[in-house]
Structures are given as C-alpha cells and as structure tokens.
1. Output the peptides 267-273, 78-84, 67-73 sorted from most to least packed, where packing is the average of other Cβ atoms within 10 Å over each peptide's residues.
2. Kindly flag which residue pairs out of 190/289; 98/119; 190/248 have an alpha-carbon separation exceeding 28 Å in this structure.
3. If you add up the charges near residue 270, with Lys and Arg at +1 and Asp and Glu at -1, over every other residue whose beta carbon is less than 11 angstrom from its beta carbon, what do you get?
4. Net charge around residue 144, counting only other residues with Cβ within less than 9 Å of its Cβ (Lys, Arg = +1; Asp, Glu = -1)?
5. If the chain between residue 92 and residue 67 were fully stretched, how many nm would it gain, using 0.36 nm times the residue separation less the Cα-Cα distance?
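None of the figures in this text is laboratory data; all of them are computed from the coordinates on show. All figures in this text were calculated on a predicted structure; none of them were measured in a lab. Neighbour counts run over all protein chains shown; Cβ positions are idealised from the backbone, glycine included.
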Amino acid sequence: MTMASSTTTTQVLFQEAGTPSDPPMSMTQHSILQITLTGPSLVSAILAIIISIQVLQPSLTCTLLALAPVPFIIYNDYENFLNLGPGGTPSTFVGYLKIAYLRLFALSDPYTPATFSEKIYPPTGYYQRAHTWLPERAGPRPKIAGIAPQRQLDQPGCPEMYQILRTSLENLAVRHPESFRVGTSCFEKKGLALFARDPINPTCRGEICHVHHSDRSMHMNLHPDDAKVVLEMGWGERHPLARGGWMKAYVPREFIMIYSPRNRAELDVVCRIIEAAAFWVSGEQFEVKAEKDSLLERDAGSCVTER
C-alpha cells in the first residue's frame, strides 16, 4: 500500500534586487492524500481486516480503519500551512492548530461584499466621490490559499512592478509625512506597510495596506462601497476572517486581498485601489503614483501576464 499526494499548484519566486533578504520561496500545495493499492498490498489489507475483525470487535475495527488516514491528512495539511511561508501566524504546529480552528469560521464565499447595517463614515466610497471606476481584471482569478498567511499561488506578479509599488508607497510617505508613514506591517508582523498617522477608521495601528514579498500580493482595508467595486471587477477577494463580530480581533470586516500586478497597466489599477484604501483609513484623498523607473521597467516585457 502506498500513500501519495497530488500537487495542485506550485509557484517558484525569485529574489529581486532591492527587496528584503528573505530567501526565494517555492509554494506548493498538496491535495488530500490518496491511497493506492497494488495487487499484493490489496490482498494484505484484506487479510489484515479479516484478522482484525476476528481478534477485535467489528465496531472497533471499523473505528480504527476510519481513523487510520487522519494522521496523514493532518501531516499533509500542516505541510501546506508551512509551504505558504512566513506570515502573521508563527510557522509552528501550535500556529497551525490555531489556523485549523479559525478555519471553522472562515467565509465560504470571499467574492460577495460584506453587508453593513450600522452607519459608517465616510458614508460613500472613494470611487463614488471621485466619479471614477475600475476596469475589469483580465483572465480568471488566481488560486488563493491559507488564512494567516493568505497567499496567491499562481499568476505570479511581476518583480519589476512589485519593486516600483514598494517605491511608490515609500515616496507617498515622503511627500506627505504629516499624513502617512511606512513601517513593518502590524497585521503580518513583517513586510512593508503604509500607515495613516491620524486614522479616522481604526485598523491595526492605522495600517492602510501591506505588500507580501513572497507572492507580491497585498492586503488592505477598503470602504464597503469600494470593496464591492474591487470584488465585482475581479481585482481581489475578502480575507477568510473578514466577517465582523468577534473576528474583528484578527482582521477588520473591510480587510481585502488584492492580487499581485502582472504588468504596468495592472500596477496602475492597484495604485488606484491603494488610493481608495488611504481614503477609507485616513479620510483624505491622495494620488498614489506608480513611480517611473526606467531601470526597473526596461525588463518588464519578461513579466508573466497569464498562467
């Protein structure tokens, strides 16, 4: 008898210059273990079951057979958790158990906008106030896995666009030091994040957004109106724990994952989404420009745009 797991998705990311020095990652997710029996193994398994029924109670034998795959399933799931890389939850078995528990309460549909019965401020979203909307994202949505960390498994973002995005966030804080600052993400405990110095909608220390070095995706907080536009146009999805109530202890109900930009056009759209996030948290409207960098953009033609 052999046990094997089928690999569903693999993404290999390469270290780029000017980014944190954590090693390049290979994120692999395995499906539930499958049991394959050869002829001799099948005969041995049948004999083992018959002997067990004779020696033990039939009910006990059935219980043992039902529980036999559990350790392998847990091990497989734990490996998937570790393969997502570092995030807000420690990469330990205790951290895995915490995520396994929270998974019981995760959203079943991350593409439907959240509903709000209470009054919110500002009452309308950024796009409605600015009379602007987002284009529809090309192609299918990427595959997403995990809770904390939550990562994008395919359709890898462009390294050059990722570096320009980091530079753009840093320059925004330099241009408006009275309104913004950059630092280490409060949610992730690592990675670059943009913060509002005087937030009107409290998040984790006023965090507006943060970027993931491993998969080049982002998490950010958005006004419900703007989150609806982002979800409908296919640029992101709700975090599995963004359902409000007692789960606000982990992430706000407005917490959204934004897919990594694959080219310059998508980077420009992501910057417009960051503008909306900055508006929701800070209450002010700012333009987020994707900084021009000829050295970074000259190789942008090598970026993968579909996968």
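1. Working: 267-273: 21.9, 78-84: 18.7, 67-73: 11.1.
Descending mean neighbour count gives 267-273, 78-84, 67-73.
2. Working: 190/289 24 Å; 98/119 33 Å; 190/248 20 Å.
Over 28 Å apart, Cα to Cα: 98/119.
3. Details: positive: 137, 216, 262, 264, 272; negative: 266, 268, 275.
For residues surrounding residue 270, the net value is +2.
4. Summing Lys/Arg as +1 and Asp/Glu as -1 gives +2.
5. Full-extension gain reported as 6.6 nm.
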